[in-house]
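Read-outs throughout are calculated quantities, based only on the coordinates presented, and are distinct from any laboratory measurement. Given the structure is predicted, the values throughout are model-derived calculations rather than measurements. Note that each Cβ is placed from the backbone with ideal geometry, even for glycine, and that neighbours are counted across all protein chains shown.
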Amino acid sequence: MPGEPYNPSPIGNPSVLARRNWWQTMFVKFIGKHTPKCHEMVRILSQSMDEPMPLMTRIKKRLHFLICCWCQRYEEQLHYIHETARQFPEHAGEVSNVPFPPDVKERIKQKLADQIR
Amino acid sequence: MLAVVSTCHVANRASNKRAVNESDSFLSDPARPRGDHDTAMSTLNIRAASSRWVDDHGECLYRYALVRVRKPEVAEDLVQETLLAAVRGYEKFGGRSSERSWLVGILKNKIVDHFRKLGRETSFTDMEFLSDEFSEKFVSVGFWNHDLGPHEWRPEPDEVMHRVEFWQVMRDCLSKLPEKVRDVFTMREMDGVPSKEICAILSITDSNLWVMLHRARMALRECLEMNWFDTPAGGTV
């Protein structure tokens, strides 16, 4: 878009603030200027899954979400992935049909019996 | 018989009152010295239980170990170590969780120990994957390209959790990640190892870890969206 700065939150964007009137346009420009860009925000969102973030970063994140429903979705989806990945191991039996070799089964049973004796 | 043992353990922990009421049952009173008969009974119990674990959970444990370590002989050893540890720690298992989650929990620890032993052999060479900034997803000033940004997911948590197809899509998506990146991601998200500990185990820096986790999450998110949430099975369409 040569000439005009990129509009992060055009009309029709499903985010909370979307330049529907003069006030919203001012807000969108202000937030767009003072919070990390999406490209940086996704990195921060991932890092916040692993360690607590400073208060200022968390406030900026909230403000950014007002003009960007995509980053908000991204965060929700990271949480979803976190929750489901945690449960993956218990469902590991369902994801492949690699057989557990019967001889290994027997060998382990024998080892267990020896241990218990 | 096993059910009786676990129930009594729970009763002991949950309510002293009940334990007193049930004190005529020898199993509900751990302070009471065990006679030869009791010991023989419990040995029989554990032996029966451990053999049942191999039949009921062996396959799940083996397949998860295989996803993680990729070598069948290593996976077999891990399953064996897990079950031996389970036998040793059987007394401590109070039936607070399902047998499956208890055994998987032990296996997770064994897998982390395995990586700890490998530790310094790990090197990170997947630079191509790590330098991929997914730049086509963003416009040049750094905002999402609105046409390519994350779609709305409509997960049906309880249902999805039990759908075999979802877990298969997740496995396929994981297998597309470069090996080392996948190791880091699975250790963090599936085994729940704190990030500081992963850095110590794999001898990598914090920032290296964050880059890898970020790329893994981004790639996995993208893959799940394309192969699950944007398909009729995933519910978005």
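Can you figure out the FRET efficiency of B:R52 with B:R154, using R₀ = 45 Å and their beta-carbon distance, to the nearest 0.05?
On the way: r = 39 Å, r/R0 = 0.87.
Given R0 = 45 Å and the Cβ-Cβ separation, E is 0.70.
Please give the charge dipole size of chain A, origin at the Cα centre, charges +1 on K and R Cβ atoms and -1 on D and E Cβ atoms. Round to the nearest 20 debye.
Numbers: 17 positive and 12 negative charges, 94 e Å.
Around 460 debye, computed over chain A.
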(request) Quick one: which residues, 5 or more positions from B:F138 or on another chain, have an amide H under 5 Å from its amide H? H modelled 1.01 Å from N in the peptide plane, none for Pro or chain starts. (result) B:N145
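Please compute the alpha carbon radius of gyration of the range B:34-120, then divide it by the globular-protein estimate 2.2 N^0.38 Å. Two decimals is fine. Write out the running numbers ahead of the final one.
Values: Rg = 14.4 Å, N = 87, 2.2 N^0.38 = 12.0 Å.
Output field value: 1.20.
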(request) Return the average number of partner chain Cβ atoms within 10 angstrom of each residue Cβ along peptide B:136-143. (result) 6
(request) Could you calculate the contour length gain from B:S175 to B:R70, that is, 0.36 nm times the residue separation minus the distance between their Cα atoms, to one decimal place in nm? (result) 36.7 nm
(request) Based on alpha-carbon positions alone, could you give the equivalent ellipsoid semi-axes of the range A:57-110 from the gyration tensor, as √(5λ), descending, whole Å? (result) 45, 11, 5
(message) Please compute, for peptide A:98-111, the average count of beta-carbon atoms on other protein chains lying within 10 Å of each residue's beta-carbon.
(response) 6
(request) Please turn the phi angles of the range B:51-64 into ³J(HN,Hα) values with the Karplus equation 6.51 cos²θ - 1.76 cosθ + 1.60 (θ = phi - 60°), one per residue in order, whole Hz, x for glycine and proline. (result) 5, 5, 4, 4, 6, 7, 10, x, 5, 4, 4, 5, 5, 5
(message) Could you list B:W210, B:W167, A:W22 so that the one with the fewest beta carbons within 10 Å of its beta carbon is first and the one with the most is last?
(response) A:W22, B:W210, B:W167
(request) Identify all lysines with a Cα-Cα distance to B:K108 below 29 Å; exclude those on the same chain that are fewer than 8 residues away in sequence. (result) A:K105, A:K109, A:K111, B:K71, B:K92, B:K117, B:K176, B:K180, B:K196
(request) In whole Å, largest first, what are the principal axis extents of the Cα atoms in the range A:22-116? (result) 77, 27, 16
(request) Using 0.36 nm per residue of separation minus the Cα-Cα distance, give me the extension gain between A:R117 and A:Y6 in nm, one decimal. (result) 32.6 nm
(request) Provide A:L55, B:L118, B:L78 in ascending order of the number of other Cβ atoms located within 10 Å of each residue's Cβ, fewest first. (result) A:L55, B:L118, B:L78
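What list do you get for B:C199, A:C71 if you sort them by fewest beta carbons within 10 Å?
Numbers: B:C199 17, A:C71 25.
The most exposed by this proxy come first: B:C199, A:C71.
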